[in-house]
1. Identify, from the list MET159, MET134, the residue that is assigned to a helix (DSSP H, G or I) and either within 26 Å of PRO23 (Cβ to Cβ) or touching a Pro at 6+ places or on another chain (Cβ under 7 Å) (or both).
2. Condition check: among the β-branched types (Val, Ile, Thr), modelled with pLDDT of 95 or more and either outside the structural domain of TYR173 (by TED's automatic domain parsing) or over 21 Å from the mean Cα position of the chain (by Cα) (or both). Does ILE21 satisfy that?
3. If I go through region 25-44 residue by residue, how many of them are more than 18 Å from LEU165 (Cα to Cα) and at pLDDT below 95?
4. In this structure, does LEU16 turn out to be assigned by TED's automatic domain parsing to the domain that holds THR117 and surrounded by 17 or more Cβ atoms within 10 Å (Cβ to Cβ)?
5. Residues ILE196, ILE171: which one is part of a loop (DSSP other than H, G, I, E, B), aliphatic (A, V, I, L, M) and either more than 30 Å from ARG143 (Cβ to Cβ) or in contact (Cβ under 8 Å) with a residue 60 or more places away in the chain (or both)?
6. Among what's in region 1-48 and is in a helix (DSSP H, G or I) and of a type in the set (Gly, Ala, Ser), pick the residue that is farthest from PHE246 (Cα to Cα).
Amino acid sequence: MNLTSLFFLCYVVITLCIYFIMPKKFQWVVLLISSIIFLFYDNLHISTVIQALVILVPSYILGRKIENHTNTKQGKKILILGIIIILAQLIYLKYTNLFLATANHINNLLNIDYQFTFVQRNSLIGISYYSLIMIGYLVDVYRGTCKAEKNIFKCALFMSYFPILTSGPFIRYDSVGKQLYEGHKLHYDTLCRGLIRILWGLFKILVISQRLGMFVDAIYGNLEMFTFIFIIAAAMAFVMQLYTNFSGSIDVIMGISEIIGIKLPENFNLPFFSRTITELWRNWHITLGAWLKDYIFYPLLKSDAMQNLAKKCKAKFGKKAAKKIPMYLSMLIMWILIGAWHGGEYKFIIGSGILQFIFMFLEDILRTNIKKD
């Protein structure tokens, strides 16, 4: 379902009406049923049902087991098993063709007359979101920051809460989980705030983003007819088109949740008013950045491999290098994963990942040198 479609808006209104009519203790069931319908509306197939179960069932079962072994070697083994199961499916669905394209390219370089055939996969809407959300859930249970959910249906709701499946934000069990299950009353203030935010989001998408899209398509579709100034203007317009579409979608999602009584984490904080590239990315897709820092960057930085690298760097290059080199290497890995998360093609890995790391790396180097001077 498209967030800006009349059908989706009617679907939300019907869901909200039923939600507030139901007794509080059953309201979460309404959200679960609505989320399941949303999840499978465009792609109800045995393969997509299996995809959901492959993430839900291991996350639920292993989460219960991990809770009995928090911060132990046994718990870590169970955690790793859960992460492998979730990532294996995600990689299979999103990156199989990337691996096949790479193999075909290598065959061409080696003059091997064989080409792998690309495969078609039926994947569920939002699989990139709820896969990482459930990995975060397992890690949090292992760390002891939250308790494992004992009701598999409530666990399913946390995984598939329908407003966030298309655009996020990333949610965490300790902050959002309880809000999903506890009952809420309809309040005039939250209704007004939610409706205003939904309308603002729709305005950003339908009026600003789509109009900018027409301008961008007109120029990019006929580059030979326009001067350099127009091409630059189209590039800038494309950035604003992307931002208003994405942030507008988040506004719609936040507004729906506001009406229900669920407070989601903000995903944008005036990114184009940032003074540095680092600050810009800190204010853009905030919840993805926070997820990657907490579950990828910091664990990598504290890993035995990085600690050993730091010791070697300190012996050869000094204390500053011992701090910076492991940090840069962890950042590079994190940004490669960010690029890969955005799409299963090298243009995303390079453009949304490696290139952004290079900008931030150069920024940090230049800032350090300027401070010295």
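The values are calculated or read from the model by the stated rules, or taken from the named source; none is laboratory data. All of these numbers come straight from a predicted model, not from anything done at the bench. Heads up, the Cβs are rebuilt from the backbone with ideal geometry, glycines too, and the neighbour counts pull from every protein chain shown.
1. It is MET159.
2. yes
3. Count: 1.
4. When the stated conditions are applied, LEU16 passes them.
5. The match here is ILE171.
6. SER47
Yes/no per residue for (1) over 18 Å from ALA52 (Cα atoms); (2) polar (S, T, N, Q); (3) more than 23 Å from the chain's Cα centre (by Cα); (4) assigned by TED's automatic domain parsing to the domain that holds GLY63:
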{"site": "ILE106", "(1), (2), (3), (4)": "yes, no, yes, yes"}
{"site": "PHE116", "(1), (2), (3), (4)": "yes, no, yes, yes"}
{"site": "TYR130", "(1), (2), (3), (4)": "no, no, no, yes"}
{"site": "TYR137", "(1), (2), (3), (4)": "no, no, no, yes"}
{"site": "LEU157", "(1), (2), (3), (4)": "no, no, no, yes"}
{"site": "THR166", "(1), (2), (3), (4)": "no, yes, no, yes"}
